Amino acid sequence: MNAPLLTRRASLVGGVLLVGIGLPGRGAHAAETTDDKPPGSLAQFPLLDSWVRIDAAGITVFTGKAELGQGLRTALTQIAAEELSVPFDAIHLVTADTARTPNEGYTAGSHSMPDSGTAILNAASQVRAILLAIAASSWSLPVDSLTTRDGTVRAPDGRAVRYGDLITDTTLHQNALVRSALKPPADYTIIGHAQPRVDIPAKVTGGPAYIQDMRPNDMVHARILRPPSYGATLIALDDTEIAKMPGVLKIVRDGSFVGVIAKREWQAVQALRAMVAAARWKPGPKLPERARIYDTLLALPSEDTTILDRLDVADAAVSELSARFNRPYIGHGSIGPSCGLALFDGTNLTVWSHAQGMFPLRAAIAGLTGLPPDKVRCIHVEGSGCYGHNGADDAAGDAALMARAFPGQTVRVQWMREQENTWEPYSPAMVTRVRAGLNGAGNIVDWNYDVWSNTHSNRPGGAGALLAGWSLEKPLTLPRPVPIPQPEGGGDRNAIPLYVLPHATVVHHFIPEMPIRVSAERGLGAYMNIFSIESFMDECAAHTGADPVEYRLRHMQDPRARDVITLAAERFGWSKAAPGSGRGFAFARYKNLGAYCAIALQLAPIGDDGQLRVARAVLAVDSGQIINPDGIRNQIEGGFLQSMSWTLFEQVSWNADGITSRDWAGYPMLRFGLLPDQLETHIIDRPGAPFLGTGEASQGPTPAAIANALFDATHLRLRELPLNPPRLRAAGLA
Amino acid sequence: MIAIDINGRSRSVDATPETPLLYVLRDNLKLNGAKYGCGLGQCGACTVLLDGKPVFSCLTPVGSLAGRRVRTIESLGTEASPSPLQRAFIDEQAAQCGYCSAGMVMRAQALLETNPGASDTEIRARMQTNLCRCGTHMRILRAVRRAAAALGSASASPPQAGMRDGAVK
Ligand code: FES
Ligand code: FES
């Protein structure tokens, strides 16, 4: 590969090479701000004390976002401590709670750092400026003669005053200015430095860490009876004997919604089993034939939007290539099934949930229970990694209904494994079709791309999004879905290539009708669109006889994209790896707005069993200014392994009567035996550049890099996921 | 009432004999470490040690435990004073959501107690039983290797934490 080497300022942080590349013409955190509003979520919540409060108890920082295992607590605390000039441990962080924090919607889409991180960075900076100004005027000294350190303002003569002594309750109850005098990144001592996660020690020592570990003294245990399939209704359930089972306190029924409350958890499980055995159901509509699902989806009516129509001057095409790609429904696969706790005191309902949006959940639960929203409080408590809209919201809705029927005691609803696997909303199956015209030099001069998908968000907001609502005597229904608009997009997320393509048309075919329950999962449509685009870039490169990395660089002008592509290729040793050895490459910038990620990987030789395994993978990422380098690495590596699991194994299964991938035997995922031998992540730091978010950046490039490596090794192009042994056998590869 | 030996203490619990140990640990004894993941022996989130061997507590009836010793992650160490293996998980930042962590630690603990210098291949083979959704696997392997290296070099002495509980096999 002949790409020029980057000139870099390189430094070792935490034992891993970070490459710092200054961006010309950028001030500190030129975060996307309109001119009349402060940046990030400060635009919607400009009061400084919505974000930072200082009192006798210390410093409290508030975020409307939630810890999902992504390291959010640690990163936001780093940001606040840095700009307030206090030690990391001095910050107490409060996360999503409808009674206490700003309403920052969902914790999703890699938005936490751009939205909440940017808000806290700027709010903290402005609070520090206010503290300095107050001290300066009380000492009659110029502001710039004062410094801040360890929670005090200091004068040159040695005088010092603690932050808490400078302000009253109302000092910070003022609107943020549009611009902040942020610290220069070169002065950072906390941001950009590896910070051990605050939540890990409890998690590895059996400390209370999850909603599942909550045990208020008055707690009782509930289980919910779910229908055997979508739309099934309860015909009969004789619960007389069940009500007499040991420990059973109450059976709650409303139409086909049935739940049981017991004193002990195992008693609730046994009562549930008895109910499953006793219930008689009228089946719902048959599910479509699985083998024909892609054709079924394509035959459904769609709302079509042309999201790109570019007609620049271009050479005539001399050859044309086309391909179609399919991907199955994929589950969130949380290791801990969903859980919700709720307490109704006769007037107010408090709900604890691991869902991603406490304010939207409050609206949904108010609708479900008929309570006014101001009588419902939703508090986020961490659960097991959710990776999108899993059963968490539904479990909270279940708990709310059960608690309302059992006032005065906290009701804990825990879903069973098979309930999570069969009822969670999956990431939708999708189809894409791409056609490209190449000129005499093999460059792409014409590009046509179509993507067909159901919605990627049926998140609550309305009560009809909650599962329990569908079974009530007066059933609620799911509102008709609407597409998530560009530039972020839903099914069309990352459907527009970042490459320079003079003629290009991209059409999003949004299919409102949903034969299988679906909603948001990590990356939304990006996983499929990047799989398709990056597989097809390789097809075009192969058609031309070009090196896949060189071919990408040929079509790429964005300098930061070129940097991650070049870095991944260099660290992998792309130019030294023999073509045909099973090496694969892929790149994307998440949402075309977020983090840049490139992956180079090597497959292990394919054995007789047809099972693919990645031997070595090298990832390069640029998420803007680094907050916690180890946090980024953890997310990027985790995203890679999870996406590799989707790609090699995962698909929801069903027959006419319901979902059949009910447990981990029916829904296999990655285990230790198929891990790579080596996985490296290289991070490019961009001091002072906006935070781009990281959590979803490696999902999309992963399947393409694997499929491209498979092509490199075998000259066979597989375009339907998962790339599992039956698929390889069908292709004659095993 | 059923008497069981948990973390070196005899506890008497109000449960029917067929109740899975997992429910007794979490509900009766209010221990957080063992997690409910599947209840089917497929994920390992509920892993505890029974006479030093890793078992799925979700499939172990509490009535089958007479005369046997159960150890949970709470017996290893604390946040203030983690065991060598727990320390290695913290040093390697080997968690994302961490829901799988306690089960991972216990399965690795059982391996290192019998084979303190376990090789990478042995560790991978043993950990195959436990699922992680977050893709933390590489870090978990590093943590177990780190602890194995520390234990392997510190002669064949059993882990201190086990001794502290008087529950060394
Ligand atoms: S909960 Fe016991 S193996 Fe999954
Ligand atoms: S860290 Fe989330 S399941 Fe392993």
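Observations on the structure shown:
- Computed [θ] at 222 nm, helices only, for chain A once each DSSP H run of length n ≥ 4 contributes -39500 (n - 2.57): -7500 deg cm²/dmol
- For chain A, the membrane-span-like helix rule (DSSP H, alpha carbon extent of at least 24 Å along the helix axis, mean Kyte-Doolittle at least -0.5) picks out A:118-139, A:526-544, A:629-649; this says nothing about an actual membrane.
- For chain A, relative contact order (Cα pairs under 8 Å, six or more residues apart, normalised by length) works out to 15 percent.
- When the convex hull of its Cα atoms is viewed from all sides, segment B:2-75 shows a mean projected area of 4.1 nm².
- For segment A:235-359, the square roots a ≥ b ≥ c of the C-alpha gyration tensor eigenvalues yield an a/c of 1.5 or more together with a/b exceeding b/c, which makes the shape prolate.
- Dipole moment magnitude, nearest 20 debye, segment B:84-150 about Cα centre, only Lys, Arg, Asp, Glu C-beta charged: 140
- The string of couplings for segment A:580-594 from the Karplus curve (6.51, -1.76, 1.60, θ = phi - 60°) is x, 8, x, 9, x, 9, 7, 8, 6, 9, 4, 6, 6, 10, x Hz, one whole number per residue in order, with x for Gly and Pro.
- Cα lying deepest toward the dipole's positive end in segment B:1-150, options B:Ala149, B:Gly8, B:Pro61, charges on Cβ: B:Ala149
- Under the Karplus curve 6.51 cos²θ - 1.76 cosθ + 1.60, θ = phi - 60°, whole-Hz ³J(HN,Hα) for segment A:661-675, x wherever Gly or Pro sits: 7, 7, 8, 6, 6, x, 9, x, 10, 4, 10, 4, x, 10, 5
- Between the residues A:Ser661, A:Gly688, A:Ile533, the greatest Cα displacement towards the positive end of the dipole of chain A, with unit charges on the Cβ of Lys, Arg, Asp and Glu, is found for A:Ser661.
- Averaged over B:29-39, number of beta-carbon atoms from partner chains that fall within 10 Å: 6
- A:Thr681 long-range amide H proximity, modeled H, under 5 Å: A:Leu619
- Value of relative contact order over segment A:197-262, rounded to a whole percent, pairs C-alpha under 8 Å and six or more apart: 31
- Applying both filters, DSSP loop and at most 15 other Cβ atoms within 10 Å, to the trypsin sites (Lys or Arg not before Pro) of segment B:1-73 gives B:Lys30, B:Arg68.
- The mean sequence separation of alpha-carbon pairs under 8 Å and at least six residues apart, normalised by the residue count of segment B:84-150, gives a relative contact order of 52 percent.
- Along segment A:341-351 the Karplus relation, 6.51 cos²θ - 1.76 cosθ + 1.60 evaluated at θ = phi - 60°, assigns HN-Hα couplings of 10, 8, 9, 10, 9, x, 10, 10, 10, 10, 10 Hz to successive residues, with x for each Gly and Pro.
- Mean-position separation - Cα centroids, segment A:247-323 and segment A:132-167, in angstrom: 59
- Fewest-first ranking of A:Trp646, A:Trp452, using other Cβ atoms within 10 Å as the exposure measure: A:Trp452, A:Trp646
- Taking only the C-alpha atoms of segment A:8-201, the Rg (one decimal) and the largest Cα-Cα distance, Dmax (whole number), read 16.8, 49 Å.
- Proximal lysines relative to A:Lys263, as straight alpha-carbon distance under 24 Å, when same-chain residues fewer than 8 apart are discounted: A:Lys244, A:Lys250, B:Lys30, B:Lys35
- Cα-based reach from B:Lys53 at 17 Å (exclusive), listing lysines while leaving out same-chain residues under 8 positions away: B:Lys169
- Under-5 Å amide H pairs with A:Ala615, H placed in peptide plane, nonlocal only: A:Gln602, A:Leu603, A:Ala604
- Nearest-ten-degree value, helix B:137-153 long axis tilted from longest Cα axis of chain B: 80
- Sequence-distant residues sharing a close amide H with A:Glu720 (under 5 Å, placed H): A:Asn326
- B:Leu59 paired with A:Lys263, simple spin-label distance in nm, labels 7 Å along Cα-to-beta-carbon: 3.1
- Across the protein assembly as shown, the volume of the C-alpha convex hull divided among the residues equals 173 Å³ per residue.
Quick note: the coordinates plus some simple rules give every number you see, no bench work behind them. It should be emphasised that the depicted structure is a prediction, and the values quoted were computed from it without experimental measurement. Cβ atoms come from the backbone with ideal geometry, glycine included; neighbour counts cover every protein chain shown.
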